[in-house]
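Presented below is the structure to which this report refers.
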2 protein chains.
Amino acid sequence: MASPEIEALTQALARLPGLGPRSARRAVLHLLKKREAALGPLRAALEAVDERLETCATCGNVDTANPCAICADPRRDPRALCVVEEVADLWALERSRLFPGRFHVLGGRLSALEGIRPEDLAIETLVARIEAGGIDEVVLAMNATLEGQTTAHYLADRIERFPVRVTQLAHGLPVGGELDYLDEGTLAQALRARRPVS
Amino acid sequence: MASPEIEALTQALARLPGLGPRSARRAVLHLLKKREAALGPLRAALEAVDERLETCATCGNVDTANPCAICADPRRDPRALCVVEEVADLWALERSRLFPGRFHVLGGRLSALEGIRPEDLAIETLVARIEAGGIDEVVLAMNATLEGQTTAHYLADRIERFPVRVTQLAHGLPVGGELDYLDEGTLAQALRARRPVS
């Protein structure tokens with residue numbers, strides 16, 4: 001029987017995605033054995049995130065500043081707006097350093113199964129940003145899932161009336177993808193979107 | 001590119017056993033999305049563990065008191081001592097509520113591969129506890145692994161000269177175990193330790 005403090009920490013860790021009760025217990029034991037090297041840094045990191053981070057009121061990114069560093073950066077192209085489902089998708093695109101514009105985080109995707117409706121996502125603020133003008137292109141960078149694509153179609157309908165170019169990420173073979181191992185859906189999309197050899 | 005605070009938290013979580021960089025990133029996103037319900041409790045639980053818990057100087061258990069609740073409990077049988085590898089093993093035995101005595105946590109097991117020698121474990125303090133007298137039985141509750149059993153044999157040699165009964169956990173079929181699915185080592189031990197039907 002561990003002490004109530006240990007039980008509380010085990011339960012808090014067990015609620016993280018990817019950890020269950022057993023692995024949470026192992027993690028707690030690891031933290032207790034390495035108090036200086038593991039427990040201290042984790043505690044400090046959690047404190048810093050809890051105290052310093054806030055959600056950008058403009059785009060939904062999480063940063064120490066509001067507006068966030070991306071929204072506040074004058075070198076960012078204000079005419080290009082990339083819409084993503086989650087903050088993690090924004091991070092993934094930023095790691096590639098390929099998108100010069102700004103972002104808009106929806107905070108999820110439409111899902112009949114999970115009961116997520118348009119009003120549960122940051123769609124009105126997106127429409128307001130486009131309506132305010134100055135944006136030429138909206139890139140719908142949803143996941144290539146059924147729900148992601150449903151969300152993209154819904155958004156395309158909602159912003160159709162504005163004078164902006166609406167694009168979406170290309171679908172096709174991933175780099176290193178071998179035809180023999182790809183699913184039929186990916187193959188069908190790659191074939192449908194085939195391009196002349198340049 | 002996430003903020004330095006987020007990167008630090010991701011790295012601290014990724015060092016936990018059972019979490020890698022990708023699952024740590026997912027966990028951080030979960031914490032950021034559920035600040036009230038997940039980040040706050042986890043932070044508070046870590047703080048409580050970090051500030052209130054200490055290692056019992058007598059047995060090596062981790063508790064809010066030193067000596068720990070088990071060592072300080074007068075209802076515990078002082079004549080029976082159960083030696084375990086890790087604090088987690090002590091918790092597992094305490095969950096079963098079957099052992100009436102006290103514990104001694106070694107802090108690991110002898111391992112030539114990992115370079116863990118007798119002086120790296122709490123063996124001298126164990127010998128001193130037995131030497132101090134008042135103990136009738138020492139239960140060696142090591143894991144049924146090669147290293148656990150090597151450790152048990154080493155301990156048995158070390159405490160041979162004291163007037164105590166040295167026992168170890170029985171090895172054999174686990175509850176619900178089907179012969180067809182058990183490894184040969186377990187079957188051999190179960191057969192070797194066979195008992196008359198009572």
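Only the coordinates and a few stated rules stand behind these numbers; no lab work does. Note that the structure is a prediction, hence the values are computed from the model and not measured. Quick reminder, even Gly has a Cβ in these numbers, built from the backbone with ideal geometry, and neighbours come from all protein chains shown.
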### Query
Given A:V127, A:G101, A:L140, which one lies farthest toward the positive end of the charge dipole of segment A:62-168, if we put +1 on the Cβ of every Lys and Arg and -1 on the Cβ of every Asp and Glu?
A:G101
### Query
Looking only at other chains, what is the average number of their beta-carbon atoms within 10 angstrom of each beta-carbon in A:14-23?
5
### Message
Cut-off 11 Å, label point 7 angstrom out along Cα-to-Cβ of B:A72: give me the residues of segment B:21-64 whose amide nitrogen falls inside.
### Response
B:63-64
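Among B:S3, A:S23, B:S96, which comes first, second and so on when ranked by fewest other beta-carbon atoms within 10 Å? Each step should come with its number before you reach the end.
Numbers: B:S3 20, A:S23 17, B:S96 7.
Least crowded to most crowded, the residues run B:S96, A:S23, B:S3.
Give me the percent of DSSP beta bridges within the protein assembly as shown that run antiparallel, rounded to the nearest 5. Intermediate values should be presented prior to the final figure.
Numbers: 6 of 30 bridges.
Of all bridge pairs located within the protein assembly as shown, approximately 20 percent are antiparallel.
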### Long-range amide H partners of A:N61 with built H, under 5 Å
A:C56, A:V105
### Query
What net charge is computed for the residues neighbouring A:I116, neighbours being all others with C-beta under 11 Å from the C-beta of A:I116, Lys and Arg scored +1, Asp and Glu -1?
-3
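Roughly what % antiparallel, to the nearest 5, for the DSSP beta bridges in segment B:1-138? Could the numbers behind the result be given before it?
Working: 3 of 9 bridges.
Among the beta bridges of segment B:1-138, antiparallel pairing accounts for roughly 35 percent.
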### Summary
Reduced to Cα centres, the span from segment B:88-145 to segment B:32-82 in Å works out to 18 Å
### Query
What distance in nm separates the simple spin-label points at B:A14 and A:E94, each placed 7 Å from Cα in the Cβ direction?
1.6 nm
### Task
With a point put 7 Å past each Cα toward its Cβ, work out how far B:S111 is from B:A144 in nm, to one decimal.
2.1 nm
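Return the loop-located trypsin sites (Lys or Arg not before Pro) in segment B:112-198 (DSSP other than H, G, I, E, B) with at most 14 other Cβ atoms within 10 Å of their own Cβ; answer none if there are none. Intermediate values should be presented prior to the final figure.
Working: sites: B:R129, B:R158, B:R161, B:R165, B:R192, B:R194; in loops: B:R161, B:R194.
Loop-located and lightly packed - B:R161, B:R194.
With a cap of 14 neighbouring Cβ atoms within 10 Å, and only residues DSSP puts in a loop, list the trypsin sites (Lys or Arg not before Pro) found in segment A:72-113. Please report the intermediate quantities before stating the final value.
Working: sites: A:R75, A:R76, A:R79, A:R95, A:R97, A:R102, A:R109; in loops: A:R75, A:R76, A:R79, A:R97, A:R109.
Counting only loop positions with at most 14 other Cβ atoms within 10 Å, the trypsin sites (Lys or Arg not before Pro) in segment A:72-113 are A:R75, A:R79, A:R97.
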### Query
Can you list, shortest first and in nm, the gaps between the label point of A:G18 and those of its counterparts in the other copies, using a point 7 Å from Cα in the C-beta direction?
1.3
### Task
Could you give log10 I(q)/I(0) at q = 0.14, 0.16, 0.19, 0.25 Å⁻¹ for segment B:4-52, computed by the Debye formula over C-alpha point scatterers of equal weight, without solvent?
-0.35, -0.46, -0.64, -0.99
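How compact is the protein assembly as shown by the rule of thumb for globular proteins, expressed as Cα Rg over 2.2 N^0.38 Å? Don't jump to the answer; show the numbers that get you there.
On the way: Rg = 29.0 Å, N = 396, 2.2 N^0.38 = 21.4 Å.
Relative to the 2.2 N^0.38 Å estimate, the protein assembly as shown comes out at 1.36.
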### Summary
Proxy exposure order for B:D183, A:D136, A:D89 (fewest C-beta within 10 Å first) is B:D183, A:D136, A:D89
### Summary
Share of Cα-Cα pairs in chain A beyond 30 Å, whole percent, is 41 percent
### Message
Taking the beta-carbon count within 10 Å as an exposure proxy, list B:E184, B:E85, A:E137 from fewest neighbours to most.
### Response
B:E184, A:E137, B:E85
